[in-house]
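The values are calculated or read from the model by the stated rules, or taken from the named source; none is laboratory data. Small disclaimer: the values here were computed from a predicted structure and weren't measured. Cβ coordinates were reconstructed from backbone atoms using ideal geometry, including for glycine residues, and neighbour counts include every protein chain displayed.
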Amino acid sequence: MNLELSDADEAFRATVRAYFATDYPQEILRKLANGQTLEKADMVASERAMSAKGWLAPGWPQTYGGTGWTVAERFIFDEELERAGAPGVSPMGLLYVAPVIYTFGTAEQKARWLPDILSARTFWAQGYSEPEAGSDLASLRMQAVRDGDEYVVDGVKTWTSDGHHADWIFCLVRTSDEGKKQQGITFLCVDMTTPGIEVKPIITIDGGHHLNTVVFTNVRVPVENRIGDEGLGWTYNKHLLSHERTSYAHVAGKRRQLQSLRATSAETAWGDELSREGSSLRRRTAETEIELLSLEMTVFRALAPLTNGEAPGDEASILKILATENAQAISERALELAGPYAPPFFPDRHAADWRSGLEDIPAFAPPAVASYFFTRAQTIYGGATEIQKNIIARQLGL
């Protein structure tokens, strides 16, 4: 595997870096650098800026608006986006449901949904987990009963990320109880303004509102919103999850977090723990950096064979485990550095002056603590680590 970048790749990097330094909305970068929480309007502005440049969907086939970039160019773009401190895209539409739509959807569905996703006119949520169907997703119960040209949907989805911002939600629903539990599951797209949908907020342990419970009561959904054939939703779901699990890597973002950790350590009033000889935090941080290098090599191996929007294979499970555990390790190092300033205290960080009245607390501490608590979920959502290990074991014939 040749990891050397060509002159053309380096020229591409320079172009991308210049874009984020000048043409990308700088106010968004300033907000994140200030530790602020972004609003939906910020995400819309970010994605529309990249869409206008034609850079919002590097992984899509060119037929549907993808960039046609090589795997190296896609990796460079992700690196430069995270190096600049820009937010990643909202993945539910661009990374998760879009590949299902352009792979299995009808021509009408592609024309209806893909342009709005690509232009950031619509945002999507993922309706998978239920109160009694999390890691064992195939045990889902939400019913969709056919009534002429519509399905009548009843049930509950939970842990729905950004459901309060979504215009559409894609759901796995049960259309039959016959056969194995993986059978009888259908992939259905639902307009969030449809009567009978109620979104209830879930405030997470980091003090934020990222998640929701979505209740469906006699929600009527046109049959034309079904992706593919009835009862084959599990097949389409596996395609989607392979894209989802490779989206967690964020190697450049993790490297930037570690660089920031070192800079912060050098500025702390209690001394630079990451430079002190014999420091246990220094040793653990070095171990975390080595794990990140291992993750980066695994990303190269997983992405190298892929071209033009193809789905990754089961190696996505390896990436999911490595990436999420490394993310947790980085957040743990930041928590250790914060020391006595790391209680579970979460000020409202929407305003630019969120630090007002908190001058005695190091600026990095509240965001670091919130990140630590939020990151605990990474080894659960998108398929728990235990599930990923089962997938790997099956591939090895164990």
Report task. Pick out, from the stretch 89-172, the strands (runs of 3 or more DSSP E) lying fully within it that include 1 or more residues that are in contact (Cβ under 8 Å) with a residue 60 or more places away in the chain and closer than 30 Å to Y24 by Cα. Result -> 124-127
**Report entry** Single match in R121, R146 (criterion: among the basic types (K, R) and within 30 Å of G54 (Cα to Cα))
**Finding:** R121
Report task. Return the only residue of T194, T175 being modelled with pLDDT of 95 or more, surrounded by fewer than 22 Cβ atoms within 10 Å (Cβ to Cβ) and within 28 Å of M43 (Cβ to Cβ). Result -> T194
Query raised in the report: Which residue out of A316, A311 is at pLDDT below 90, within 30 Å of V97 (Cβ to Cβ) and not in a helix (DSSP H, G or I)?
Result: A311
**Report entry** Filter result for V219 (of a type in the set (A, V, I, L, M), closer than 26 Å to E39 by Cβ, in contact with a Gly (Cβ under 9 Å, 6 or more places away or on another chain) and not in a loop (DSSP other than H, G, I, E, B))
**Finding:** no
Report summary line: By residue number, the members of the stretch 264-292 that are assigned to a loop (DSSP other than H, G, I, E, B) and surrounded by 18 or more Cβ atoms within 10 Å (Cβ to Cβ) are E273, L274
Query raised in the report: Within the stretch 173-185, restricting attention to residues that are closer than 18 Å to T217 by Cα and in a strand (DSSP E or B), which residue is nearest to the chain's Cα centre (by Cα)?
Result: V173
Query raised in the report: Does the stretch 109-124 contain at least one residue that is surrounded by 19 or more Cβ atoms within 10 Å (Cβ to Cβ), in contact with a strand residue (DSSP E or B) (Cβ under 8 Å, 6 or more places away or on another chain), under 22 Å from I380 (Cα atoms) and at pLDDT 95 or above?
Result: yes
Report task. Check the stretch 71-85 and report whether any residue there is at pLDDT below 95, assigned to a loop (DSSP other than H, G, I, E, B), more than 26 Å from Q182 (Cα to Cα) and of a type outside the set (A, V, I, L, M). Result -> yes
Report task. Working carefully through the options G278, G231, find the one that is in contact with a Gly (Cβ under 6 Å, 6 or more places away or on another chain) and of a type in the set (G, A, S). Result -> G231
Query raised in the report: Is it the case that the stretch 193-204 has a residue that's under 19 Å from the mean Cα position of the chain (by Cα) and in contact (Cβ under 8 Å) with a residue 60 or more places away in the chain?
Result: yes
Query - Complete set of residues in the stretch 9-25 that are of a type outside the set (S, T, Y) and touching a helix residue (DSSP H, G or I) at 6+ places or on another chain (Cβ under 9 Å) - result: D9, E10, F12, R13, V16, R17, F20, A21, D23, P25
**Report entry** Residues located in the stretch 1-54, provided they are charged (D, E, K, R), free of Cβ contacts under 8 Å to residues at least 12 places away in the same chain and either assigned to a loop (DSSP other than H, G, I, E, B) or surrounded by 16 or more Cβ atoms within 10 Å (Cβ to Cβ) (or both)
**Finding:** E4
**Report entry** Of all residues in the stretch 330-354 being over 18 Å from I205 (Cα atoms) and among the small types (G, A, S), the one that is surrounded by the most Cβ atoms within 10 Å (Cβ to Cβ)
**Finding:** A338
